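The block underneath contains the structure these notes are about, expressed in structure tokens.
The values are calculated or read from the model by the stated rules, or taken from the named source; none is laboratory data. For clarity, every value in this text was computed on a predicted model and none was experimentally measured. All Cβ positions, even for glycine, are placed from backbone atoms using ideal geometry, and neighbour counts span all protein chains on display.
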Amino acid sequence: MTSRTKIVLLGAGSTVFARSLLGDILSFPELAKSQLVLHDIDEQRLRTSDVVAHRVASGLGASPTIEATTDRRRALDGADFAINMIQVAGYRPGTVVDFEIPKRFGLRQTIADTLGIGGIMRGVRTVPVLVDMARDMQQVCPDVLHLNYVNPMAINCWGLARSSTVRTVGLCHSVQHTARDICSDIGVPVDEVDYLVAGINHMAFFLKLERDGADLYPLLAERAGRADMPVRGFGGRDRGLSDAVRYEVYRRLGYFVTESSEHFSEYVPWFIKADRPELLDQFDIPLDEYPRRCEEQNAGWESLRRQLEESSDPLPVRRSDEYGSGIIHSVVTGTPRTIYGNVTNDGLIDNLPSGCCVEVPCVVDGDGVRPMAVGALPPHLAALMQTNINVQLLTVEAIVTGKREHLYHAAMLDPHTAAELDLDQIWTMVDALLDAHGDWIPTNLR
């Protein structure tokens, strides 16, 4: 690497997340003089993020070089690391279409960024853009380590693996956030807990949960037996969201899953049913939750933008628990650490398909990111994951081959969609979504 580590943020117009990642990176003394390049296609948001980057550096007393550009190849030229956080088609029209058209068919969603018909469509829009970015990387920074935060994680990483040789690790915060949540539930400090998690993104399970060699699952079972379910907070709500779905799944399967209840409820066929509205109340499932969050964030954006742009004062920095900066630090300095990454299943999980995208522990040091083999999962967990992998596989197959029929097949096999709609409805809905997304869809799938 060069004397200044070059780190590129793709989609840096996601200012709040960019601010967090930049603070994490620059808080390491060894990375405080990095070469930071911010890239986005939205010039106004990019300008705001540029201001924020300088204020974050000032707050930390760091002295990086900072550049903001809309020229992607220029941004990537010679990069050591590329952090990806784009959203193709944005909230409007992308997310709005993904929610509103399925509603016409009686199909309701909560988040729609990972699986389900919304996850399928988001993947169809996103993978071709990521592949195009990877093509640039292969030409101007072939040794780059690409850290992907973009959902749908498994579909995106699998699609990239099928189409590019760029080293990619998918990153999510569901493992560390869930560890924090369940440790809070049972009254045990999270930094005293040893755990092993494996599976697929947003459907990985805690296979081991111990403190000083003692199994903590009995404590979790006691917590699961109480009538009151833990509540997880989310900004803007007058109350938090119940974690009732995950605790119900734990009671049935014997292992705790990594993704939040509102997310997980739409990955399976059991909780969201048009003719069973009482289930929504019983498990406190918030339909249209992601649009609600987006509307709330958009409503406050102009005020936040002014606050960030109209001052040059240093910004306070509080380290997050995102893995990105730690990976960069470990590769640059050789300091070993373990993270959870989304990578190709090359003998890592024995009873999941070879080539699919799995989430497993990875050791990171000066040699890069090395996924750890986990072996076989409990068979019922692997079987549940396979229902989601089927959808991911067919979506990726459609994108890579240009065979539109596989998008119908993916929707037909999606657990939530299949539980609500018949085959004619599914095919008609897929057509309506592809038509509505228009130019955001690759030409060979329109």
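Out of all the residues in the range 50-105, which are out of contact with any Lys or Arg (no Cβ under 9 Å at 6 or more places or on another chain), among the hydroxyl-bearing types (Ser, Thr, Tyr) and closer than 27 Å to Ser312 by Cα?
Ser58, Thr69, Thr70 - these are the residues of the range 50-105 that are out of contact with any Lys or Arg (no Cβ under 9 Å at 6 or more places or on another chain), among the hydroxyl-bearing types (Ser, Thr, Tyr) and closer than 27 Å to Ser312 by Cα.
Return a yes/no flag: does the range 323-331 have any residue that is β-branched (Val, Ile, Thr), crowded, with 21+ Cβ neighbours inside 10 Å and either assigned by TED's automatic domain parsing to the domain that holds Val96 or part of a loop (DSSP other than H, G, I, E, B) (or both).
yes
Could you give every pair whose Cβ atoms fall below 6 Å, whose first residue belongs to the range 1-24 and is within 20 Å of Val150 (Cα to Cα), and whose second residue is basic (Lys, Arg) and part of a loop (DSSP other than H, G, I, E, B), counting only separations of at least 6 or pairs across chains?
Asp24/Arg319
Going by the structure shown, is Val369 closer than 24 Å to Arg125 by Cβ, surrounded by 15 or more Cβ atoms within 10 Å (Cβ to Cβ), touching a residue at least 40 places away in the same chain (Cβ under 8 Å) and within 22 Å of the chain's Cα centre (by Cα)?
no
Residue check: is Gly334 at pLDDT 95 or above and surrounded by fewer than 21 Cβ atoms within 10 Å (Cβ to Cβ)?
yes
One line per residue, one yes/no per condition, for (1) within 29 Å of Val331 (Cβ to Cβ); (2) surrounded by fewer than 23 Cβ atoms within 10 Å (Cβ to Cβ); (3) at pLDDT below 95:
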site: Leu31; (1), (2), (3): yes, yes, no
site: His54; (1), (2), (3): yes, yes, no
site: Gly61; (1), (2), (3): yes, yes, no
site: Thr69; (1), (2), (3): yes, yes, no
site: Arg72; (1), (2), (3): yes, yes, no
site: Ala75; (1), (2), (3): yes, no, no
site: Ala82; (1), (2), (3): yes, no, no
site: Tyr91; (1), (2), (3): no, yes, no
site: Gly94; (1), (2), (3): no, yes, no
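Being touching a residue at least 12 places away in the same chain (Cβ under 8 Å), basic (Lys, Arg) and out of contact with any helix residue (DSSP H, G or I) (no Cβ under 9 Å at 6 or more places or on another chain) is true for just one of Arg246, Arg293, Arg252. Which residue is that?
Being touching a residue at least 12 places away in the same chain (Cβ under 8 Å), basic (Lys, Arg) and out of contact with any helix residue (DSSP H, G or I) (no Cβ under 9 Å at 6 or more places or on another chain) holds for just one of Arg246, Arg293, Arg252, which is Arg293.
With respect to Glu43, determine if the residue is surrounded by fewer than 21 Cβ atoms within 10 Å (Cβ to Cβ), of a type in the set (Asp, Glu), over 16 Å from Ser330 (Cα atoms) and in contact with a Ser or Thr (Cβ under 8 Å, 6 or more places away or on another chain).
Yes.
Residues Ala204, Ala161, Ala154: which one is in a helix (DSSP H, G or I), touching a residue at least 60 places away in the same chain (Cβ under 8 Å) and out of contact with any helix residue (DSSP H, G or I) (no Cβ under 6 Å at 6 or more places or on another chain)?
Ala161
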